[in-house]
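Shown next, in structure tokens, is the structure this report addresses.
What follows draws every value from the coordinates through simple rules; no lab data is involved. Nothing here was measured: the structure is a model prediction, and the numbers come from that model. Quick reminder, even Gly has a Cβ in these numbers, built from the backbone with ideal geometry, and neighbours come from all protein chains shown.
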Amino acid sequence: MKKRKQNSLSAPSLIENVFQVFLKVPDPRGHNLKRKIEFSDHLMSGLAMFGLKFSSLLQYDRARRDPEIKYNLKTLYHVENPPSDTHFRERLDELPPEFIRPAFKKVFAKLQRGKALEQYQFMNGHYLLALDGTGYFSSSKISCKNCCKKESKSGKISYYHQMLGACIVHPDKKNVIPLCPEAIQHQEGNSKNDCERNASKRFIKNFRREHPHLKVIIIEDGLASNAPHLRMLKDNDMKYIIGAKKGDHQYLFDQVNDSPKTEYHEVRTEDGFLHQFQYLNNISLNKSNEDLKVNFLEYRQTNPKGKEINFSWVTNIHITTTNIFSLMKGGRARWKIENETFNTL
């Protein structure tokens, strides 16, 4: 039994699962057209680019005719006819992003059944789910119908694409589990640019539809610590640990500094680091939303050489001296979406 579980989570097995999903993705140009290269070859070539660690489409294009690379593309990634980089871009650009969502869901289900997901449980059966936006295309000359655009003060127009990335992380694990990202692009019928906040609404709606019972703690940067977003997380039964900067939340910080109920805790660990905490439960996020109560945690770390780093978060998890270290580690794990996700890709 153990051997079968390990094999089901091997790279060839997971790639096979993705391939079976990609076979069902409709060709954007229609099913009745005669094709020299199947659309699944384009999709699987995209996956192979990352798996085989090509640094660019140009490098992929140069290597795809190499006998060894061609063999790997065929036997491991099921690519019968590797497309050129130009053909590759043109065809994939036509595909609405939602068509690749089932592939992420399929792999996630395999991880659940294979018990690999259990290793990422963080607090009381919850998983840390990191969300963050990133840009992956910008040009003043090249654009498409899905581009967002911005105009500089000088009148120069630039076109761009961004996405909201998402992954399950754990403070003590190097690997992350990516979920299907949400594209930030021009929405048909809307005159305004799409944005990270709108993308997060779509992501959470899709996530809860696909994983209605998964217990998660959302971790995000300070841009997300606003009342509409926190209310949305609450409505979707999600815990959160989200950055809160003093410059954006003066009213919040004033409550902490002025309250006689503010708690303080510090400990020096065996490695010589000094950990100092200040926290207060059940306070208003801001003056405009006094009914929205949050718990506030501020943390300062001083290393043996005297160098300090500071963090502060709002959370809907009740803070105590027994869970402040876990909350701190969970909040700081947000960086894994930058380092282990965006930078790696």
- [ ] Grab the other residues whose beta carbon is less than 13 angstrom from that of residue 186, score K and R as +1, D and E as -1, and report the net.
- [x] +2
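What FRET efficiency do you get for residue 99 and residue 268 if R0 is 56 Å and r is their Cβ-Cβ distance, rounded to the nearest 0.05?
So the FRET efficiency works out to roughly 0.60.
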Task: Neighbour-limited loop hits for trypsin sites (Lys or Arg not before Pro), segment 236-345 (at most 16 other Cβ within 10 Å; DSSP other than H, G, I, E, B) - done: 245, 246, 261, 305, 307
Open item on the list: Please rank 158, 140, fewest neighbouring Cβ atoms within 10 Å first, as an exposure proxy.
Closed with: 140, 158
Open item on the list: With the crude spin-label approximation of a point 7 Å out along Cα→Cβ, what separation in nm comes out for residue 308 versus residue 74?
Closed with: 6.4
- [ ] Between the alpha-carbon centers of segment 156-219 and segment 310-345, tell me the distance in whole angstrom.
- [x] 18
- [ ] Would you mind checking the tilt of helix 39-51 against the longest principal axis of the Cα atoms of the chain, expressed as 0 to 90 degrees and rounded to 10?
- [x] 50
Task: Within a Gaussian network of the chain (alpha carbon springs, distance under 10 Å), most fluctuating of 217, 37, 309 - done: 309
TODO: Would you calculate, for the chain, the mean residue ellipticity at 222 nm contributed by helices, counting each DSSP H stretch of 4 or more residues as -39,500 (n - 2.57) and dividing by all residues, to the nearest 500?
DONE: -9500 deg cm²/dmol
- [ ] Name the longest site-free stretch of the chain, where the excluded sites are GluC sites (Glu not before Pro) in a DSSP loop with no more than 13 other beta-carbon atoms within 10 Å.
- [x] 95-187
Open item on the list: At a 10 Å Cβ-Cβ cut-off, how would you order 142, 218, fewest neighbours first?
Closed with: 142, 218
Open item on the list: Report the Rg/Rh value for segment 243-333, based on alpha-carbon coordinates and the Kirkwood definition of Rh.
Closed with: 0.98
Task: Using alpha-carbon coordinates, inclination of helix 196-210 to the longest axis of the chain, degrees - done: 80
TODO: Within segment 267-345, list the chymotrypsin sites (Phe, Trp or Tyr not before Pro) lying in a DSSP loop whose Cβ has at most 12 other Cβ atoms in a 10 Å radius.
DONE: 273
- [ ] Could you line up 341, 269, 322, 315 from fewest to most neighbouring Cβ atoms inside 10 Å?
- [x] 322, 269, 341, 315
TODO: Have a look at the chain and give its Rg and Dmax from the Cα atoms, expressed in angstrom.
DONE: 23.1, 75
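Using the Cα gyration tensor of segment 49-204, with a ≥ b ≥ c the square roots of its eigenvalues, what is the shape: rounded (a/c below 1.5), prolate (a/b larger than b/c) or oblate (neither)?
Verdict is oblate for segment 49-204.
Could you compute the FRET efficiency for residue 86 and residue 109, with r as their C-beta to C-beta distance and R0 at 56 Å, rounded to 0.05?
Rounded to the nearest 0.05, the efficiency is 0.95.
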TODO: Name the aspartates and glutamates eligible as straight-distance cross-link partners of residue 329: C-alpha to C-alpha under 12 Å, and not fewer than 8 places from it in the same chain.
DONE: 172
Open item on the list: Assuming 0.36 nm per residue, please report the length gained on full extension of the stretch residue 282 to residue 36 beyond their Cα-Cα distance.
Closed with: 82.3 nm
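I need the trypsin sites (Lys or Arg not before Pro) found in segment 52-119, filtered to DSSP loop residues with at most 15 other beta carbons within 10 Å of theirs.
Details: sites: 53, 62, 64, 65, 70, 74, 89, 91, 105, 106, 110, 113, 115; in loops: 53, 64, 65, 115.
Sites meeting the loop and neighbour criteria: 53, 65, 115.
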- [ ] Round to the nearest 10 and give me the degree value, 0 to 90, for the angle of helix 101-113's Cα axis relative to the longest principal axis of the chain.
- [x] 70
Task: Shape of segment 2-98, Cα gyration tensor, a/c cut at 1.5 - done: oblate
